[in-house]
Amino acid sequence: MRTIQKVAVLGAGTMGARIAAHFANAGIPSVVLDIVLPNQPNRNAAALKGLESVVKLRPGGFFVNDSAALITPGNFEDDLAKISDCDWIIEAVAENLEIKRGLWTKVEALRKPHAIVSTNTSGIPLHKIAEGFSESFRHHFLGTHFFNPPRYMHLVELIPLPDTSQKVMEFVSAFCDRRLGKGVVPCKDTPNFIANRIGSFFGATVQKIVIEGDYTVEETDLITGPLIGLPNSGSFRLLDIVGLDVWTNVGTNLYHAVPDDPWRDRFLMPKFHTELTSRGWLGEKSGQGYYKRVGKEKEIHAIDLHTFEYHPAVKVKFPAAEAARNIEDLAERLRVLVAGTDRVGTFLWKLYSDLFLYSAERVPEIADEIFQIDRAMRWGYANKLGPFELWDALGFQNVCKRLESDGRKLPENVQIMLQQGAQSLYLWSIKAKQAHKEYFDFGSASYKPLHERPSLSDLKRAGNVIKSNSGASLIDLGDGVICCEFHSKMNSLGEDQIGMIYSAISELEKNFDAMVIANQGENFSVGANLMLVLLGAQEGEWDELNAAIHRFQQANMALKYAPKPVVAAPFSRALGGGCEIPLHCSRIQASAETYMGLVEVGVGLIPGAGGTKEMIVRLQDARKAFELIGMAKVSSSAEEARQLGFLTKSDGISMNPDLLIEDAKELALSLVKDYQPGVPRTDVKVGGESAFAMLKLGAWTMRQGGYISDYDVVVAEKLANVLSGGKLTGEQLVSEQYLLDLEREAFLSLCGNPKTQERMQFMLKTGKPLRN
């Protein structure tokens with residue numbers, strides 16, 4: 001059985017060091033080699049510089065910086081022999097064929113016989129790199145194109161040669177999927193592979209439309225951002241991040257690499273972009289590009305594409321866009337926007353009509369199947385929908401009719417679809433309470449099954465919902481496991497969710513063996529519905545607030561002492577109440593990218609649904625709990641959440657978010673056989689008055705140092721009172737319920753303070769904490 005116990009990364013530049021860091025995140029040691037820099041006393045200076053840059057990254061390249069110890073730096077001259085015990089050798093040096101081949105010649109003489117060898121190139125044909133090497137080398141050689149930054153970008157494109165062993169491809173694919181947490185897309189050895197070919201066309205088309213319609217930088221980024229399911233950066237901000245010179249090189253190289261592409265002129269840079277690069281305005285790396293920050297306040301200024309002068313960035317408002325923002329369903333929002341004849345609708349139809357035609361024409365040149373292109377764009381460019389999914393969202397046949405009415409010729413493969421009466425590029429079929437997705441295969445001109453991991457949406461579509469309301473559902477996951485799913489906006493928590501937890505526990509007791517609390521939204525949960533808390537406080541509805549908090553507390557206690565195992569599956573943001581729920585479950589199976597924290601102090605409160613109590617129980621250290629909650633610490637990864645105490649050694653971490661619910665279900669079932677429900681504890685040790693005094697002194701010291709405000713001290717004293725057990729005389733043992741009552745009392749009293757209400761209002765308005 002092949003395993004990967006050690007990796008070599010050749011090239012410690014931005015990409016090489018980040019690839020090594022992600023292997024370290026997966027617990028795999030590596031050796032990272034680079035050139036020997038002249039006039040440097042340390043011959044490993046280049047490799048060390050690359051690794052130091054990863055540590056300094058914000059957000060970081062490592063889950064926890066301790067993982068950097070798994071990487072051994074070296075250089076090509078002294079340390080190349082260290083690759084001889086590596087199971088996988090990844091080359092990430094400069095995009096120069098002669099340099100790559102020269103290095104691989106040395107590697108071939110040192111690699112062990114069955115070591116995998118791969119290149120991270122995106123611009124050089126693989127067959128040119130591997131040409132002339134031994135049969136064994138070519139059998140084990142492939143392209144492994146990680147997207148930057150490797151920790152955060154889900155996509156890895158795998159590019160085999162005709163000589164690449166199928167077993168090697170299958171192993172690398174499975175390893176990247178499970179161990180590295182990647183979305184794997186097999187690609188052909190064509191220029192820029194899939195994602196960068198389509199992504200480059202998309203970006204170039206945006207620039208073409210900007211010229212034709214005289215759109216400003218700010219207008220363009222508004223239109224090509226979250227409004228249409230793309231990242232917050234928009235198009236021009238993204239170029240600043242990537243580097244304007246990098247974008248120029250990508251476009252120019254692609255233009256020369258695809259002489260038979262009828263759209264190739266699209267990849268040439270527009271005059272305004274060439275002007276910026278000639279001035280050395282290359283984006284973030286040079287301090288200015290399409291945007292720059294000005295003055296002490298770092299005010300964002302945008303460039304005028306005609307005069308090349310900067311001005312304070314304008315907050316653009318298009319009436320159509322403002323109205324469409326209220327439409328939560330992306331497909332419906334896009335249909336409304338594209339149907340418009342205003343500047344937004346005109347922009348989007350020009351963009352999408354070219355994108356659809358170009359993507360369809362690239363099958364089978366760059367990919368045999370449409371879903372490969374869609375996955376590459378979703379996973380590599382963080383698009384909510386790939387090109388063919390977008391086409392379906394707008395209505396496949398409606399788009400075709402509009403294209404033809406515009407005088408556009410449909411690609412032959414699309415014409416065949418229409419002749420067969422196909423209504424969509426993808427379709428669903430329901431069989432035996434399972435939803436099966438199919439895609440239209442252009443090669444056979446027929447629908448074929450799309451093999452994907454089942455999602456909660458698939459299960460719901462297939463009729464596996466047991467109970468549902470507007471904010472939560474109970475879903476049968478099969479094999480005796482029930483899932484409690486949240487699906488409110490940002491998965492904020494209110495009575496819909498709390499009530500469903502009680503229903504889930506009832507169902508668990510009667511009809512199931514185990515339970516998972518999971519969802520597949522943008523965030524696991526951002527916490528309690530703050531607006532409802534604020535309104536209740538402002539209206540003086542203290543009895544109702546007290547009852548709601550008590551109900552939330554008892555729901556969490558019911559989870560903690562449920563008759564059968566309960567596993568929470570947090571991911572992304574799990575904040576406030578969204579952190580308290582997992583803390584009370586039998587186990588946690590967290591996504592590697594989980595940002596957990598008890599952040600209530602930011603709105604002038606303390607955790608009130610058992611979070612304060614639970615951190616005393618978990619940490620058994622009032623000072624640590626005080627610092628964790630009082631500083632509103634949020635983990636930057638699941639591994640750091642473990643270090644902070646939100647996860648225990650028994651909790652699991654899933655590298656691949658697509659496997660999270662599957663892993664949580666497996667963990668829950670593993671607990672069933674020997675599960676013994678506990679009983680609420682009555683032996684929680686608290687420090688009493690002396691502990692309160694110590695914590696209060698800590699808050700006072702922070703205030704004297706100017707780190708917190710006077711009102712922060714008020715909140716901190718409320719927190720200290722709970723953590724110390726309510727100023728009891730000396731150390732004592734108290735019950736969990738006793739601490740919950742203290743918690744609830746503190747929460748309610750802070751709700752009544754005008755300064756807390758000011759903080760809540762500010763957070764709801766701006767999304768930022770107020771230090772009043």
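Observations
- Across the stretch 466-477, computed HN-Hα scalar couplings (Karplus, 6.51 cos²θ - 1.76 cosθ + 1.60, θ = phi - 60°) run 8, 7, 7, 9, 5, x, 7, 9, 10, 10, 7, 7 Hz from first to last residue, x flagging Gly and Pro.
- Within the stretch 414-454: backbone nitrogen closer than 15 Å to the residue 398 label point (7 Å, Cα to C-beta): 423-425
- Extension gain for residue 14-residue 264 works out to 87.1 nm (0.36 nm per residue, less the C-alpha to C-alpha distance).
- Heavy-atom surface of the stretch 342-418, accessible at 1.4 Å and reported per residue (Å²): 34 Å²
- Multiplying the residue separation of residue 285 and residue 632 by 0.36 nm and removing their Cα-Cα distance gives an extension gain of 121.7 nm.
- Residue-averaged 222 nm ellipticity for the chain, from DSSP H runs of 4+ at -39500 (n - 2.57), nearest 500: -14000 deg cm²/dmol
- Karplus (6.51, -1.76, 1.60) ³J(HN,Hα), θ = phi - 60°, over the stretch 495-511, in Hz, Gly and Pro reported as x: 5, 4, 6, 5, x, 5, 4, 4, 5, 5, 5, 5, 5, 4, 5, 8, 10
- Residues with amide H under 5 Å from that of residue 32, placed H, sequence gap 5 or more: 9, 72, 74
- Förster-model FRET efficiency, 35 Å R0, residue 300 and residue 52, C-beta, rounded to 0.05: 0.75
- With all protein chains modelled, accessible area of residue 768 [1.4 Å, Å²]: 130 Å²
- Relative contact order of the stretch 633-772: 22 percent, from C-alpha pairs under 8 Å at least 6 residues apart in sequence.
- Debye, to nearest 20: dipole size of the chain, +1 on Lys, Arg Cβ, -1 on Asp, Glu Cβ: 700 debye
- Extreme residue, positive dipole direction of the stretch 1-88, given options 3, 33, 61 (C-beta unit charges): 61
- Label-zone membership for the stretch 120-139, site residue 167, 7 angstrom Cα→C-beta point, backbone N under 19 Å: 134-139
- For the stretch 1-156, the dipole from Cβ point charges (+1 on Lys and Arg, -1 on Asp and Glu) about the Cα centre works out to 260 debye, to the nearest 20.
- Relative contact order, whole percent, for the stretch 1-101 stands at 38, derived from Cα pairs under 8 Å and 6 or more residues apart.
- Summary of packing: across the peptides 645-652, 47-54, 584-591, the per-residue average of other C-beta atoms within 10 Å ranks them, highest first, as 584-591, 47-54, 645-652.
- Portion, in percent, of the accessible area of the chain that falls on carbon or sulfur, probe 1.4 Å: 52 percent
- Close amide H partners of residue 183, meaning residues 5 or more places away or on another chain with modelled amide H under 5 Å apart, are 155, 156.
- Residues listed by number, the stretch 252-294, amide nitrogen under 15 Å from residue 316 label point at 7 Å toward C-beta: 290-291
- With protein chains left intact and a 1.4 Å probe, residues in the stretch 649-772 average 53 Å² of accessible area per residue.
- Between the listed residues 586, 531, 450, the Cα displaced farthest toward the positive end of the dipole of the chain, a dipole computed from Cβ unit charges relative to the Cα centre, is found at 586.
- At full extension, residue 543 and residue 650 could sit 34.6 nm farther apart than now, given 0.36 nm per residue minus the alpha carbon distance.
- Charge dipole of the chain about the Cα centre (unit charges at C-beta), most positive-ward option of 286, 88, 76: 76
- Residue 644 accessible area, assembled protein chains, probe 1.4 Å, Å²: 40 Å²
- Probe 1.4 Å - accessible area at residue 63, Å² to nearest ten: 10 Å²
- Label-to-label distance, nm, for residues given as residue 531 and residue 707 (7 Å Cα→Cβ offset): 3.6 nm
- Per-residue Karplus couplings for the stretch 5-21, computed as 6.51 cos²θ - 1.76 cosθ + 1.60 with θ equal to phi - 60°, are listed in order as 9, 7, 10, 10, 10, 9, x, 10, x, 3, 6, x, 5, 6, 5, 4, 4 Hz, Gly and Pro entered as x.
- Simple spin-label estimate for residue 77 and residue 428 gives 6.3 nm between the two label positions (7 Å along the Cα-to-Cβ direction from each Cα).
- The residues of the stretch 97-200 have, on average, 37 Å² of accessible surface per residue, using a 1.4 Å probe with all protein chains present.
- For the chain, the direction-averaged projected area of the alpha-carbon convex hull comes to 36.3 nm².
- Packing rank of 530-540, 545-555, where each peptide gets the mean count of other beta carbons within 10 Å, highest leading: 545-555, 530-540
- Long-range amide H partners of residue 288 with built H, under 5 Å: 282, 283
- Label-point separation in nm, residue 275 to residue 620, each point 7 Å along Cα→Cβ: 6.9 nm
- In a simple Cβ point-charge model (Lys, Arg +1; Asp, Glu -1; nothing else charged), the stretch 462-597 has a dipole of about 300 debye relative to its Cα centre.
The values are calculated or read from the model by the stated rules, or taken from the named source; none is laboratory data. Being a predicted model, the structure only gives us computed values, none of them experimental. Methodologically, a virtual Cβ is constructed for each residue, glycine included, from the backbone with ideal geometry; neighbour enumeration extends over all protein chains shown. Accessible surface is based on the protein model in full, side chains and every heavy atom, while ligands, DNA and RNA are left aside. Shrake-Rupley method; radii C 1.70, N 1.55, O 1.52, S 1.80 Å.
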